[in-house]
Amino acid sequence: MQTLTDNALMLKVKFGDIQKLGLLYERHKKRLFGFFYNMNSDATLSEDLVQNVFMRILKYKHTFTGEGSFVAWMFSTARNVNYDYYKKSKKTNNEYQISSVEYKLDDGISMEESLMRNEELKNLKKAMHKMAPEKREILVLSKFKELKFSQIGEIIGCSEGAAKVKAHRALKELRTIYLQLESI
C-alpha cells in the first residue's frame, strides 16, 4: 500500500475508502506541521491546524479531481485553514520562527564563528518577521518546504511564472531587510 501515489490514495478516499486518509496523514503530518510552525511559532496550534487540514480534506474529498498534485491541493487547504484561523481569531501578528533552519556545528568551528552564526540566524528571524505573511508564506513553501513553483502557483492561485516572480521578490525583500538589520 505504501507504493500508491498520494493522488491514488486520495482518489480511494474520495470514493469511500476513508482508511486511506490515515496513510496520507502519516506521509504528510510532519510537512504540514513544519509549514504551520514556520507560519505561527506555536507547536500546539500547529498540531491543531494539521488536524483541521485533514478534517477539511475529509469534508471536501469530493472536490479532489486527481488532475493536479495532491501536495498542492493539500497545501491549498492548509493555507485556507491558516487564513481562516487568523481571520477568526483576528490575530494580526503572525510571527515567524525559522525552526527548520538549524546550524550544525562541527567540532572544528570556533566559538566566535558559532556566535556569528547565531547572530545571523537571529537577524534572519527578525527579517522574516518584518515581512508580510503572504511573502513569508511564499518563502516557506519554496525554500523550507521545497515545493516546485508549479505547485506553489497551484496553491496560491497563480501561474508558475508568477510564483517564481513572487518568490524572487520576497527573497529580494528579505535580503534588503536582513542587510539593514545586519548594519545596525
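The values are calculated or read from the model by the stated rules, or taken from the named source; none is laboratory data. Quantities reported herein were computed from a predicted structural model and do not represent experimental measurements. FYI the Cβ positions are ideal-geometry reconstructions off the backbone, even for glycines, and counts take in every protein chain you see. Areas reflect the complete protein model, heavy atoms only, side chains present, ligands, DNA and RNA absent. Shrake-Rupley method; radii C 1.70, N 1.55, O 1.52, S 1.80 Å.
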Being of a type in the set (Asp, Glu), in contact (Cβ under 8 Å) with a residue 12 or more places away in the chain and either open to solvent by less than 70 Å² (accessible area, probe 1.4 Å) or outside any helix (DSSP H, G or I) (or both) is the filter here; which residues of region 121-162 pass it?
Glu137
Does region 163-174 include one or more residues that are modelled with pLDDT under 90, open to solvent by 40 Å² or more (accessible area, probe 1.4 Å) and either hydrophobic (A, V, I, L, M, F, W, C) or under 19 Å from Phe36 (Cβ atoms) (or both)?
no
If I filter region 9-35 down to residues being aliphatic (A, V, I, L, M) and open to solvent by less than 30 Å² (accessible area, probe 1.4 Å), which single residue comes out as nearest to Ile138 (Cα to Cα)?
Leu32
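For Glu67, indicate whether it is of a type in the set (Asp, Glu), more than 23 Å from Phe33 (Cβ to Cβ), at pLDDT below 90 and in contact with a helix residue (DSSP H, G or I) (Cβ under 8 Å, 6 or more places away or on another chain). Full working, then the answer.
Working: of a type in the set (Asp, Glu): yes; more than 23 Å from Phe33 (Cβ to Cβ): yes; at pLDDT below 90: yes; in contact with a helix residue (DSSP H, G or I) (Cβ under 8 Å, 6 or more places away or on another chain): no.
No.
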For region 36-89, enumerate the residues that are crowded, with 18+ Cβ neighbours inside 10 Å, within 24 Å of Lys126 (Cα to Cα) and polar (S, T, N, Q).
Asn38, Asn40, Ser46, Asn82
